Structure formats: structure tokens, C-alpha cells
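Trainee: Below you will find the structure I want to go over with you.
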Amino acid sequence: MTTNILILCTHNSARSVLSEGMLNHWAQKLGRDVRAFSAGSAPSGRLNPHALKALNNAGVDTKGYRSKSWDEFTVDGAPEVHIVITVCDSATSEACPHWPGSPVKVHWGYADPSNAPGGDDGQRLAFELTRQAMGYRMLQLLALPLGSMGPGDLQQALTRIAQS
């Protein structure tokens, strides 16, 4: 059974997109049956070009990526979500919709690389460092025996990853 993971950030334009890209990239490389999706409570309708560039530079195919609402994951026919990860502080404090199946929820906060000082060069570097940090956490997630973990053990493991 595929483990579906929904990664949330308010605008779904940068951090959630970086996380989705890295998780799908590593899952495919490692042969893990995991699928990441990203969404936002108030999607901007566009993806940050620095996020796309950082992913493309890492060999991640971003074709088909788009900024989308988390509402897409609450309707009939949507993938059943097993894990919900928030990656921005504003998304973790928002009232999320009811996710069918009661997925495990965790917050893995990252500073917004769009606010990095130093103009375009500073932002490019911030996006790359954020991509690397997210990729490291995604590798830790993929090392877990997801198919055999109960919700409590999974919650604890994901919280430990958040603290690393």
C-alpha cells in the first residue's frame, strides 16, 4: 500500500513544494512506496522560481507541479492521506480541514527562504540550503518502516525527526 503524505504551507509556493519534490525524488530513488503531495490553505497560484530552480538543480523533475488548495485532498476520489506535515509556522496554526482516515500530523518548521537577505543571490542560497535540510528529513522519514508502524509509534518517530 502506498503511503501518501500531504505537505502543507499556507501559499504552497516554496517550502511545501521543496518538500514534495525531495520526498518523491528520494522515494523513487530508494524504491519506497511513498507518494508526496503539497498544498496550501491560501494557495498563491504560482510556484516560486527559486524553489523550482533548487529542485531542478538537484535532478528533481518538477513538471506538473502547481500551487493548489488543500481542499483538493478532502473530496471524494482524493488520495487517502496517511501523514500530514506542515512546514511553515502559519500553516500549523491554521484550522485544517478534516482529513479522512485521521492521518498522523507533525510540524517540521523551516524559515521562509523567500525572506532571506542578500537579494537574489541570498535567496538562491537560502532555497538551496532549505532544500538540503528538507531532503535530509525526508531521507530519515523514508528510513522508517512505515507499513508496520502504528499511529502512536509513527507520531513519535516523526516528532523525533522534527527535533533533529
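FYI, it's all coordinate maths here, none of it is from the lab. Nothing here was measured: the structure is a model prediction, and the numbers come from that model. Glycine also receives a Cβ, built like all others from the backbone with ideal geometry; neighbour counts cover every protein chain displayed.
Trainee: Scan the stretch 144-157 and tell me whether some residue there is aliphatic (A, V, I, L, M), within 15 Å of the chain's Cα centre (by Cα) and in a helix (DSSP H, G or I).
Mentor: no
Trainee: Give me the residue from the stretch 96-121 that is touching a helix residue (DSSP H, G or I) at 6+ places or on another chain (Cβ under 6 Å) and not in a strand (DSSP E or B) and, out of that set, nearest to Pro79 (Cα to Cα).
Mentor: That would be Trp108.
Trainee: Next question, about the same structure. State yes or no: is Thr10 touching a strand residue (DSSP E or B) at 6+ places or on another chain (Cβ under 6 Å), touching a residue at least 12 places away in the same chain (Cβ under 8 Å), closer than 14 Å to Leu141 by Cβ and surrounded by 19 or more Cβ atoms within 10 Å (Cβ to Cβ)?
Mentor: No; evaluated as a whole, the condition is false for this residue.
Trainee: Additional query: List pairs: first residue in the stretch 105-120 and in contact (Cβ under 8 Å) with a residue 24 or more places away in the chain, second residue surrounded by 18 or more Cβ atoms within 10 Å (Cβ to Cβ) and in a loop (DSSP other than H, G, I, E, B) anywhere in the structure, Cβ distance under 6 angstrom, at least six positions apart or on different chains.
Mentor: Trp108/Val87; Tyr110/Val87; Ser114/Ala14
Trainee: Using the structure shown, decide if Asp76 is exposed (fewer than 14 other Cβ atoms within 10 Å of the Cβ) and outside any loop (DSSP other than H, G, I, E, B).
Mentor: Criteria not met by Asp76.
Trainee: Let me ask something else about it. Conditions: (1) surrounded by fewer than 22 Cβ atoms within 10 Å (Cβ to Cβ); (2) in contact with a Ser or Thr (Cβ under 8 Å, 6 or more places away or on another chain); (3) more than 20 Å from Pro151 (Cα to Cα); (4) charged (D, E, K, R). Arg35 meets all but one. Number of the miss?
Mentor: (3)
Trainee: Now for a different question. Being over 8 Å from the mean Cα position of the chain (by Cα) and either assigned to a helix (DSSP H, G or I) or not hydrophobic (A, V, I, L, M, F, W, C) (or both) is the filter here; which residues of the stretch 1-20 pass it?
Mentor: Within the stretch 1-20, Thr2, Thr3, Asn4, Thr10, His11, Asn12, Ser13 qualify.
Trainee: Next question, about the same structure. Give just the number: which of (1) in contact with a Gly (Cβ under 7 Å, 6 or more places away or on another chain); (2) under 17 Å from Ser19 (Cα atoms) does Leu129 not satisfy?
Mentor: Against the list (1) in contact with a Gly (Cβ under 7 Å, 6 or more places away or on another chain); (2) under 17 Å from Ser19 (Cα atoms), Leu129 comes up short only on (1).
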